[in-house]
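Please treat every number below as a calculation from the coordinates, not as lab data. What you are looking at is a predicted structure, and each value in this text was computed from that prediction instead of being measured. Using ideal geometry, Cβ is built from the backbone for each residue, glycine included, and neighbour counts are taken over all protein chains shown.
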Amino acid sequence: MEQRPLGRTGAEVGVVGLGTWQLGGDWGDVDDEAAEEVLSAALGAGVTLLDTADVYGDGRSEERIRRALAVQTGGVGGQGRAMERPFVATKAGRRADPFTAEEYTPENLRAWVDRSRRNLGVETLDLVQLHCPPTAVYSDQRVYDTLDGFVADGSIAAYGVSVETVAEGLTALQHPGVATIQVILNVFRRKPLEELLPAARAAEVGVLARVPLASGLLTGKYDESTTFPDDDHRNFNRNGEAFDVGETFAGVPFEVGVAAAREVADIAGDTPTAAFALRWAIDQPGVTAVIPGARSVEQVRGNVAAAGLPALTAGQLADLERVYDERIRAHVHDRW
Ligand SMILES: NC(=O)c1ccc[n+]([C@@H]2O[C@H](COP(=O)([O-])OP(=O)(O)OC[C@H]3O[C@@H](n4cnc5c(N)ncnc54)[C@H](OP(=O)(O)O)[C@@H]3O)[C@@H](O)[C@H]2O)c1
C-alpha cells in the first residue's frame, strides 16, 4: 500500500487506515470475535494506521486494539513505535464532564492521556487528537502548552486535532505543535478542499479524512427503507440528538443521501462504490489517509482495495461535483 508522511509526526502511514469507532460502540453490536477479525484482517491486508478514541465504548476500542496488537505483533509496549506495528492515533477530550472548554485543564488532560496509555498498553501514545472539543479550546494556548509538555515527557509522541468545522481547523493550524488535522471529507463533504487542505499542505500538517463513506451512504447499499438498530447513531443521532449531526451521514439528510449515492454508484460503474469514494478522497491534494470504519472482514478488504485503484477520470470527477452541487451542497456546505 502507498505510504505517506503523516504531517509533522515523522511517521509514515498507509493511505487506507481503519477507523475503530465501530469496535467500541454506537454502531449496533460488534462482539469481541468480530472486532478481533476486523483488526486482524486490516493488519493482514497491510493497514498501518488505526484511528481510535478513549470514549469509543468507554475505552473498549482502545483495549481491543491493545489485545489485537499483542496477538499480531507481540505487543505494543516499550519506548515507542516499532516498525512492525501500526501507527495508533487516539483522541482525548470527550470525557470532559461537563463538556466545556474549562474542563480542558492540565490535570484532566493528564488523566485522559494516562488512561489511553493504559488502555493501549504503551508508554508513549503515537498521536493524541483533541476530540472535537468546544471551539474555544482550539485557541487556548494553555492546552497546547500542556500537550507540548506531554511530548517533552514522552507520554505522547505527537498531537493533533479532530475538528467539526473548517474554521476550527484553520485556527488549530496557527499552532506550530499541531501535527495532524482530522476532518470529515468525502464526496458529500467538499468544503475542506477550498481552504483547509491547501493550508494544511502548506504547513506540512497531516490530514486524516474521517467519515469517508458518509457513515456508509457512499457504499450505495442503503435505500429509503433501510433502518438501523436502536444503539446505532444512524438511528439515535439522526437529528443530532446526542452529538454533532455532521458525524451522522456527514450531516446529509438520509433520503437525500440515498438518492445522491445512487448517482455516485452509477458514476463508479463497475468499481465497487465504497472503494471508488475512498479513492476520490485519497487523491485530494493535502489528504494523507482515509480512515473508513468497518464492521466486517469483507468491508475491510473492500476498503483496502481503494489503495490499488487508478485515479478517477476527469469525467467522473466532474460528475461527482455535479451531484454535490445539485443534491448535497445546500444541506452541508455553509454549516461545517
Ligand atoms: N469526532 C471524531 O473525531 C470522529 C467522528 C466520527 C468518526 N471518526 C473516526 O472516523 C472513522 C470513520 O468514520 P465512520 O466510521 O463514522 O464512517 P464511515 O467510515 O464513513 O462509514 C463506516 C460504515 O460504512 C459501511 N462500510 C464501510 N466499509 C464498507 C464496505 N467496504 N462495503 C460496504 N459498507 C461499508 C459500514 O456500514 P454498516 O455498519 O451499515 O455496515 C460502516 O459502519 C471512525 O471509525 C472513527 O475512527 C472520528
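Maximal additional length on extending the Ser296-Ala152 stretch stands at 48.0 nm, based on 0.36 nm per residue less the C-alpha distance.
The stretch between Asp32 and Arg201 holds 57.0 nm of extra length on full extension. This uses 0.36 nm per residue minus the Cα-Cα distance.
Here's how it looks for Glu12: its modeled amide H is under 5 Å from those of Leu6, which are all 5 or more places away or on a different chain.
Modelled spin-label separation between Asp325 and Leu170, with each label point placed 7 Å from Cα along the Cα-to-Cβ direction: 2.3 nm.
For the chain, what is the percent of antiparallel DSSP beta bridges, rounded to the nearest 5? Walk me through the numbers before you get to the answer.
Values: 5 of 31 bridges.
Here the antiparallel bridges make up roughly 15 percent for the chain.
Taking label positions 7 Å along the Cα-Cβ direction at both Asp230 and Gln141, the computed distance is 5.1 nm, reported to one decimal.
The HN-Hα couplings worked out from phi for the stretch 18-33 by the Karplus form 6.51 cos²θ - 1.76 cosθ + 1.60 (θ = phi - 60°) are 10, x, 10, 4, 4, 7, x, x, 6, 10, x, 7, 10, 7, 4, 5 Hz, whole numbers, x standing for Gly and Pro. Distant-in-sequence amide contacts of Gln284, defined by a placed amide H-H separation under 5 Å and a gap of 5 or more residues or a different chain, comprise nothing.
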